[in-house]
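Enquirer: Got a structure for you, written out below as structure tokens; questions coming shortly.
The values are calculated or read from the model by the stated rules, or taken from the named source; none is laboratory data. None of these values were measured; they are calculated from a predicted model. Glycine gets a Cβ as well: all are built from the backbone with ideal geometry, and neighbour counts include every protein chain shown.
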């Protein structure tokens, strides 16, 4: 099940998904056709063992290329046979960002996708027919990342400093909230715009910026293991700004007509998460089988860090993926204030549903 690339390891290749091998490239067209058929299936409720068109294939559009911090759970489920035991053939394909994936899910071309909660809130407010049916990151993974020897020890120490951000950087949306919460003004820091997301790291390491906005569950493990440079993360969640992160989002029409398969997929994903949490070493090994240019040490660090995001205070002790209305309400308030989003009248219930989940241990 490996994804291959002929390119050598580099900052860019470590931060991005390796290119798919020829077999997977050749099947991409067929997969898109399957996804389209699933998305446009009839609205009648299905309680069978297959999707409405008779297939047991469940397409999943990742939010970005394969990252262990966000996607190791799915790799584990694939490699450990958890999805297969549930009667599912999971087809996980790379994405190009939450906003784009949300549009694909809304159109029905990809019935299930991984999308950040902020994009879900924006999309729902715009009337898109999508619902979050499970939340993976229930705490905020965003952080401002600095070199370990930087004099910056607190958010307040960033006054007058430059921070690297990528195009459409989701971390930048909530940065003003971090500043305000810590008694700072919007112009106390300035941004250095990079050409792409992966360039943020090199911009900071080369001294062209004092810090960069990223995810403390992702970039630090790449920098420290692949680039042999120590860094520190000032977490948004430790500085007064917590929010929901990555969610599993479905096309509403597809979910209704494929409810049984959706429930099986989510139950298998819950089991996969539990396996990875219990045995992160095995999960890291599974990840590098799926992403064959991945680094097991980096994957292990990201997986172990990401387990801290799987529950919020409100969902602690509940099964994985279960969502709480108060968490969605808090995230919606942040997006309303800082993301220029007008929440729908029925928020936060408009954003999510636990109806397809196993909600009791």
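Enquirer: Just checking, does segment 197-211 include any residue being within 22 Å of residue 68 (Cβ to Cβ), in contact (Cβ under 8 Å) with a residue 24 or more places away in the chain and assigned to a loop (DSSP other than H, G, I, E, B)?
Expert: Yes, because at least one residue in segment 197-211 is within 22 Å of residue 68 (Cβ to Cβ), in contact (Cβ under 8 Å) with a residue 24 or more places away in the chain and assigned to a loop (DSSP other than H, G, I, E, B).
Enquirer: Report whether or not residue 176 is surrounded by fewer than 20 Cβ atoms within 10 Å (Cβ to Cβ) and in contact with a helix residue (DSSP H, G or I) (Cβ under 9 Å, 6 or more places away or on another chain).
Expert: yes
Enquirer: Looking at the structure I just gave you, is residue 54 modelled with pLDDT under 95 and surrounded by 20 or more Cβ atoms within 10 Å (Cβ to Cβ)?
Expert: No; evaluated as a whole, the condition is false for this residue.
Enquirer: In segment 339-355, which residues are surrounded by fewer than 16 Cβ atoms within 10 Å (Cβ to Cβ) and under 22 Å from residue 186 (Cβ atoms)?
Expert: Residues satisfying the conditions are 340, 342.
Enquirer: Being assigned to a strand (DSSP E or B) and either surrounded by fewer than 21 Cβ atoms within 10 Å (Cβ to Cβ) or out of contact with any strand residue (DSSP E or B) (no Cβ under 8 Å at 6 or more places or on another chain) (or both): is that true of residue 91 here?
Expert: Answer is yes for this residue.
Enquirer: Identify the single condition in (1) outside the structural domain of residue 324 (by TED's automatic domain parsing); (2) surrounded by fewer than 22 Cβ atoms within 10 Å (Cβ to Cβ); (3) touching a residue at least 24 places away in the same chain (Cβ under 8 Å) that residue 186 does not satisfy, given that it satisfies every other one.
Expert: Looking at each condition in turn, residue 186 falls short on (3).
Enquirer: Go through segment 156-175 and count every residue that is touching a strand residue (DSSP E or B) at 6+ places or on another chain (Cβ under 6 Å) and either modelled with pLDDT of 95 or more or in a strand (DSSP E or B) (or both).
Expert: Summing the residues that are touching a strand residue (DSSP E or B) at 6+ places or on another chain (Cβ under 6 Å) and either modelled with pLDDT of 95 or more or in a strand (DSSP E or B) (or both) in segment 156-175 gives 4.
Enquirer: While we're on this one: Can you tell which of 237, 206, 190, 198 is more than 11 Å from residue 145 (Cβ to Cβ) and touching a helix residue (DSSP H, G or I) at 6+ places or on another chain (Cβ under 7 Å)?
Expert: 198
Residues checked against (1) at pLDDT 95 or above; (2) out of contact with any strand residue (DSSP E or B) (no Cβ under 9 Å at 6 or more places or on another chain); (3) more than 24 Å from residue 60 (Cα to Cα):
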site: 215; (1), (2), (3): yes, no, no
site: 220; (1), (2), (3): yes, no, yes
site: 223; (1), (2), (3): yes, no, yes
site: 232; (1), (2), (3): yes, no, yes
site: 241; (1), (2), (3): yes, no, yes
site: 255; (1), (2), (3): yes, no, no
site: 273; (1), (2), (3): yes, no, no
site: 282; (1), (2), (3): yes, yes, no
site: 300; (1), (2), (3): yes, yes, no
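Enquirer: Taking segment 89-100 as the search range and keeping residues that are touching a helix residue (DSSP H, G or I) at 6+ places or on another chain (Cβ under 8 Å) and modelled with pLDDT under 95, which one is farthest from residue 331 (Cα to Cα)?
Expert: That would be 95.
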